[in-house]
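The values are calculated or read from the model by the stated rules, or taken from the named source; none is laboratory data. Everything numeric in this text was worked out from a predicted model, so none of it was measured. Because the Cβ atoms are built from the backbone with ideal geometry, glycine has one as well, and the counts that use them run over all protein chains shown.
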Amino acid sequence: MKKVALITIGKPTSKVIKEQLEHLFADTLLVETYFLSQKKEILQSDADLFLYTKGCIRYLLIEEEAIRKPYLETERVINHKNIKEIISIPKETDVLLVNDSQSTAYEAIQQLELIGLDHVSYHPFYPGCRKAIETSIAITPGEPHLIPNGIEKVIDLGSRILDISTIHEIIFSLDLEEQIEKSCLTDYLKNIVEISKLIDESRRDAQESEKLLERIVNSIDHGIAYIGENNHFINANTNFEKMMQQDKVEFIGKEVSILMEVPCNKLKDQLTWITEINGNEMLVDVQKIHFDYRSGYLMTIQYTDRISKLGHRIRRNQEKKIKQQLHTFEDYLTQNMATKQMLEKAKKFSETEATILIQGENGTGKEILAQAIHSASKRRKGAFVPVNIGALTPALLESELFGYEEGSFTGALKGGKMGIFEIASGGTVFIDEIGDAPLDFQVKLLRVLEEKKIRRVGAMEEIPVDVRVIAATNKDLIELVDQNHFREDLFFRLNILPLNTLPLREKKEDILFLLKVFVKQKFGKGLEFSCVFEDEVIERLMNYQWRGNIRELINLVEYLSLIYDGDPIQCHDLHPYMLKQTETVEKDAIFLEENALWILSTLESSIPEALGRTSLRNRAKQEGYELGEGKIRRLMKDLEGRSLIVSKGYKKGYEITSLGKKVLISHIERE
């Protein structure tokens, strides 16, 4: 009799697999069970074959411990005897698949779908999983203790068993072919056949529906193709074949770029372009579609000559789709700690449905922030529709946001028109310049926020809308409330989740950081930043007030990239209004205490030698100043933040800047 040592991590798995082996091999095989922690006993075993369940081998390799040989790493599958209950679950029902880790949860889902139980929507749940979906059904392969509270129906499939390939490997490894009759596997296969019959019966209706759907798709005038995430064709309808002048068997499994040109050689969501295929001009539209655990692209193509009357509309739609490539939090570039903390708060806000109010100066990235919040929210698949209050007249404002009925005013379209709130239903409306909203409109907006309903201009009934509102302004709304220009109740309704964007002049560390980013974008990647600007230019930009904030910085870099001739940019190359501002504001706006002035004076007198904190502390002691190294560190950090001194590098000391010299002279003159 052959002997097998079964090594597992847990007791339930050990018990189930031992019972399976003893049932299959009866008197021809002796099964000894060990836990992975029983290292001494495993080493002393005289088994003919060592069976390790998945995870054991990986652990032993990491710990650099011995693996007994000869060995097999087992493959396991769902126990088919216990899956009949799953078949009775209605189609498209959300269920939790609960297992002891992320990988095993996904593996169990894959196995259930592989045997045909793919009619329900599986959602993995495992220790450490942040959140479980709301459902009343949970399925688990032997881990019922991990099921979260609130589940009404639990389907315990029991621990997974060895698959057929592992059983065959055991037979061949132990030379049991002659001793084991083929009928020993009959029970194993019999259960699979029975389950397959049940699945086939439950699917007959679904297959008929699938055939009907295929007929409908083939009858559509457009060419339609489904493409995987790897940009390879998976399926297509008959019109797509005709337009490509190829049978789909010729291009299924091949890359899209083989049949047509693709912008940037990569598909992405909401991508539209016009291209020539087989001598015909065609409009191509791509939308990303998501399934439970995979996603792909739906491509539609149509001849442009059939839609020439809609040519302007096509291009307008194309522009809209391009604009829907929204920003994410990664696009909000900063090195400022306060701004990073604001972004972390914004990420938390994105998980809620509450109204957000973003306040900050123009050019500080309020819309980028709003788009990032939408992109990270549950509404990311819905539309993000921006509207600028300042760009609409009071007469147009209500009809644009709420829509209107036919005949409600002169020039109203036949059939009426949907407003922005209806168009954005399921998504986000971004209302910019909310501080400019007329008072009568504010009343109606407040009602929309509270009731989640809109009334079109000229209509009697209300229409429910499902939108999340993000508002933004560059004005002080509290001040407007005090002046009776903004409703107090609307302010508090908007200000549920407040965010404030900082002006660039208050984020000194971002000036140089963003300047380098934009120079790389506008000047080209091969150019060394240190060769682009004179040091005095950098110093001026660091102390410039940036009334237009990041937008002004981008515009400046774009201007400089056009006039750049290879020589370092000097101060006179900047916009004249920037030079006037820096000359009049810089030196007169800075006031320093006595100790800070002493540091500036000492650094100025030590030129060309740079001094560090230790040197300054020693000089302070010699001259009778009570300055410890800690206080010197704080003073120098403040002076460096104001661009009055600059570090020469790690442990190379500091020196006074030209602005520092001006400030020092200015203080001397005041005295």
Discussion item. From the list 64, 41, 73, exactly one residue is modelled with pLDDT under 80 and outside the structural domain of residue 130 (by TED's automatic domain parsing). Which is it?
Written reply: 64
Discussion item. Suppose we filter 281, 214 for residues that are part of a strand (DSSP E or B), surrounded by fewer than 17 Cβ atoms within 10 Å (Cβ to Cβ), among the charged types (D, E, K, R) and modelled with pLDDT under 85; which single one remains?
Written reply: 281
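One line per residue, one yes/no per condition, for (1) at pLDDT 95 or above; (2) surrounded by 20 or more Cβ atoms within 10 Å (Cβ to Cβ); (3) not hydrophobic (A, V, I, L, M, F, W, C):
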residue: 467; (1), (2), (3): no, yes, no
residue: 471; (1), (2), (3): yes, yes, no
residue: 482; (1), (2), (3): no, no, yes
residue: 504; (1), (2), (3): no, yes, no
Worksheet entry | Number of the condition not met by residue 496 [criteria: (1) without any contact (Cβ under 8 Å) to a residue 60 or more places away in the chain; (2) not assigned by TED's automatic domain parsing to the domain that holds residue 575] | (1)
Worksheet, complete the sentence: Inside segment 426-475, the number of residues satisfying the requirement of being within 25 Å of residue 502 (Cβ to Cβ) and either free of Cβ contacts under 8 Å to residues at least 12 places away in the same chain or polar (S, T, N, Q) (or both) is 3
Worksheet, complete the sentence: Scanning segment 344-353 residue by residue, those surrounded by 18 or more Cβ atoms within 10 Å (Cβ to Cβ) and farther than 14 Å from residue 378 by Cβ turn out to be 346
Worksheet, complete the sentence: Filtering segment 269-295 down to residues that are basic (Lys, Arg) and within 16 Å of residue 225 (Cβ to Cβ) yields 288
Fill in: Residue that is farthest from residue 602 (Cα to Cα), among those in segment 629-658 that are among the β-branched types (Val, Ile, Thr) and in a strand (DSSP E or B)
646
Discussion item. For a quick check of your reading: which helices (runs of 4 or more DSSP H) sit entirely within segment 1-98 and have at least 3 residues that are without any contact (Cβ under 8 Å) to a residue 12 or more places away in the chain and buried (at least 17 other Cβ atoms within 10 Å of the Cβ)?
Written reply: none
Practice prompt. Considering (1) modelled with pLDDT under 90; (2) loosely packed, with under 15 Cβ neighbours inside 10 Å, say which one residue 558 fails and leave the rest.
Written response: (1)
Worksheet entry | Unique residue being in the same structural domain as residue 347 (by TED's automatic domain parsing), of a type outside the set (Gly, Ala, Ser) and assigned to a strand (DSSP E or B) when the list is 443, 481, 469, 448 | 469
Worksheet item: Since residue 460 meets every condition but one in (1) touching a His at 6+ places or on another chain (Cβ under 7 Å); (2) more than 21 Å from residue 358 (Cβ to Cβ), which condition does it not meet?
Response: (1)
Worksheet item: Does segment 640-647 contain any residue that is buried (at least 18 other Cβ atoms within 10 Å of the Cβ) and farther than 22 Å from residue 509 by Cα?
Response: no
Item to complete: Identify all residues within segment 544-574 that are part of a helix (DSSP H, G or I) and either in the same structural domain as residue 363 (by TED's automatic domain parsing) or over 35 Å from the mean Cα position of the chain (by Cα) (or both); write none if there are none.
Response: 563, 571, 572, 573
Worksheet entry | Boolean, residue 561 is among the small types (Gly, Ala, Ser) and either in contact with a strand residue (DSSP E or B) (Cβ under 9 Å, 6 or more places away or on another chain) or in contact (Cβ under 8 Å) with a residue 24 or more places away in the chain (or both) | yes
